[in-house]
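Structure record follows, encoded as structure tokens.
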Amino acid sequence: MGNTTATRPLRPWTAPTASDPVVATLRLPGSKSMTARALVLSALAGGPSTIAGPLRARDTELMAGGLRALGAHMSITDDDRWLVRPHPLAGPAHVDVGLAGTIMRFVPPVAGLAEGRITFDGDPQARTRPLGPLIDALRSLGVRVESPATGSLPLTVFGTGSVAGGEVVIDASASSQLVSGLLLAAPRFDRGVVVRHVGPPVPSAPHLRMTVQMLRAAGAAVDDGTPDVWVVEPGPLAGRGWEIEPDLSGAVPFFAAALVTGGEVTLRGWPRSSAQPVEQLRTLLHRMGGEVVLTTDGLTVRGTGVVHGIEADLSDVSELTPALTALAVLADSPSRFTGVAHIRGHETDRIAALAREFTGLGADLTESADGLEIRPRPLHGGQFRTYHDHRMAHAAAVTGLAVPGIELDDVSCTSKTMPEFPGLWSAMVTEES
């Protein structure tokens with residue numbers, strides 16, 4: 001079983017404090033979400049594909065490794081341009097999911113198209129992440145899957161080289177990835193797929209729109225015109241060139257630095273039209289006291305040094321919750337975030353972890369079933385545990401800009417999506433304006 005996260009030594013890291021406004025221009029790694037989808041679609045395509053500007057991080061390297069184990073040819077030695085050559089999928093194989101929801105939810109449907117026995121497991125914490133709805137959906141589509149009664153890892157897919165497909169009903173309220181995983185592989189199913197969601201709203205709707213957009217770009221016929229229903233017709237996927245956008249979720253802590261310090265941060269390489277929820281981010285940062293401008297130089301965020309508290313439903317942008325919580329504890333008025341019950345099932349229970357760690361620094365946070373209430377109070381330094389969660393590390397770093405002495409127990413967990421984070425962050429904070 002993959003246990004890299006569990007065994008690596010913890011390396012304490014003191015978050016740097018900003019003495020002046022942060023002024024920086026950055027070029028950040030590519031989107032994890034887009035890179036993962038491009039890898040899956042390329043492995044299922046009818047010809048070779050290139051992925052330009054991919055994210056090289058633990059999650060995406062494990063994704064490439066899992067697809068390679070199934071037979072796809074992956075050349076990822078070049079940091080700026082990866083080459084994927086599809087090949088008949090077959091086992092036996094083992095897929096190490098690490099702690100990545102994308103791998104544990106995107107690759108099992110692909111494994112159903114392989115011939116042979118495919119096993120899946122990952123870090124110990126990965127066994128707590130919800131997979132039951134996907135397992136049940138695959139079984140209803142004709143895939144043999146063995147798993148614990150808990151509907152979690154470890155699991156085994158016994159592929160027969162094809163998946164019948166058809167109609168499936170699923171409760172995807174725990175993660176939009178449960179739907180995306182089915183849709184990405186569906187063009188290769190004999191009858192495609194009709195996915196009907198029944199239950200509380202599916203979170204992170206922009207990620208589902210990204211899935212549909214990228215499927216169509218690869219030549220798939222997708223109908224998402226009916227709420228909570230997605231129809232993918234069977235048919236070939238085309239090999240193509242993918243251009244990966246900078247990762248918006250990864251950029252948010254850097255943008256938050258502009259608000260906290262009254263500085264200006266520009267992310268270079270931002271496209272005019274994005275598959276990521278940039279408009280939602282623009283609105284949230286504007287309400288919290290920032291200015292967000294898209295120019296030919298990139299996406300720029302400016303702050304005044306005063307952060308405002310807000311009330312917001314973050315169901316569409318739940319990945320931003322930790323960084324926005326860090327802003328909220330430094331704000332001039334209370335905040336209330338809702339719509340993120342599902343992040344209790346992410347790398348850690350993020351709601352509980354944020355409440356626990358920020359309370360330890362003197363903040364006043366109250367958990368609700370689906371979010372947090374934050375009442376700003378004077379903060380002090382201290383240890384901040386990350387729970388192997390990159391977003392927790394980002395939240396601590398943002399708070400450390402204004403509060404000296406915040407020590408992260410393990411900043412290396414940021415390698416999950418941005419191995420460069422500690423160096424980029426320290427360079428940004430210490431760079432003279």
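The values are calculated or read from the model by the stated rules, or taken from the named source; none is laboratory data. Source: prediction; values computed, not measured. Cβ: placed from backbone, ideal geometry, glycine included. Neighbour counts: every protein chain shown. For accessibility, only protein heavy atoms count, side chains too; no ligands or nucleic acids. Shrake-Rupley method; radii C 1.70, N 1.55, O 1.52, S 1.80 Å.
In percent, rounded to a whole number, the relative contact order of the chain is 19, using alpha-carbon pairs under 8 Å and six or more apart. Per residue, the accessible area of the chain comes to 36 Å², computed with a 1.4 Å probe over protein heavy atoms only.
A cut-off of 5 Å between modelled amide H atoms, ignoring neighbours fewer than 5 places along the same chain, links R144 with F158. Between the C-alpha center of region 106-148 and that of region 317-381 there is a gap of 32 Å. Counting only DSSP H runs of at least 4 residues, each contributing -39500 (n - 2.57), and dividing by the residue count of the chain, the helix-based mean residue ellipticity at 222 nm comes to -9500 deg cm²/dmol. The charge dipole of region 103-206, taken about the Cα centre with unit charges on the Cβ atoms of Lys, Arg (+1) and Asp, Glu (-1), comes to about 60 debye, rounded to the nearest 20. Would you please give the residues with an amide H less than 5 Å from that of R81, counting only those at least 5 places away or on a separate chain, with H modeled from the backbone geometry? Under 5 Å from the amide H of R81 lie the amide H atoms of G53, each far enough along the sequence or on another chain. With each label modelled as a point 7 angstrom along the Cα→C-beta vector, the R375-R268 pair spans 4.6 nm. Highest average first, the peptides 362-370, 398-406 ordered by how many other beta carbon atoms sit within 10 Å of their residues are 398-406, 362-370.
Got a sec? Charge dipole of the chain, +1 on Cβ for Lys and Arg, -1 for Asp and Glu; which of F189, L299, L281 is way out at the positive end? So the residue we want is F189. Remark: the Cα gyration tensor places region 276-433 in the rounded category, a/c being less than 1.5.
The order of the peptides 169-180, 292-303 by mean Cβ neighbours within 10 Å, most packed first, is 169-180, 292-303. Each Lys and Arg contributes +1 and each Asp and Glu -1, all at the Cβ; summed about the Cα centre of the chain, the dipole is approximately 760 debye. Here the alpha carbons of the chain define both size measures, Rg and Dmax, at 21.1, 61 Å. Note on region 249-309: Cα-only Rg and Dmax are 10.7, 31 Å. Rounded, prolate or oblate: which one fits region 164-303, using the alpha carbon gyration tensor with axes a ≥ b ≥ c (rounded when a/c is under 1.5, else prolate when a/b beats b/c, else oblate)? Taking the square roots of the gyration eigenvalues as a ≥ b ≥ c, region 164-303 is prolate.
Taking all protein chains in place and a 1.4 Å probe, what share, in percent, of the accessible surface of the chain do carbon and sulfur account for? Walk me through the numbers before you get to the answer.
Numbers: 7800 of 15520 Å².
Looking at the chain in its full context, I get 50 percent from C and S.
Look at the dipole of the chain built from charges on Cβ: of I310, P12, P200, the Cα furthest out on the positive end belongs to P200.
Taking every DSSP beta bridge with both residues inside the chain, roughly what % is antiparallel (nearest 5)?
The answer is about 65 percent antiparallel.
Applying the Karplus relation 6.51 cos²θ - 1.76 cosθ + 1.60 with θ = phi - 60° to region 88-94 yields 3J(HN,Hα) values of x, 8, 7, x, x, 7, 10 Hz, where x marks Gly and Pro. Beta bridges from DSSP with both residues in region 123-281: antiparallel share about 65 percent, rounded to the nearest 5.
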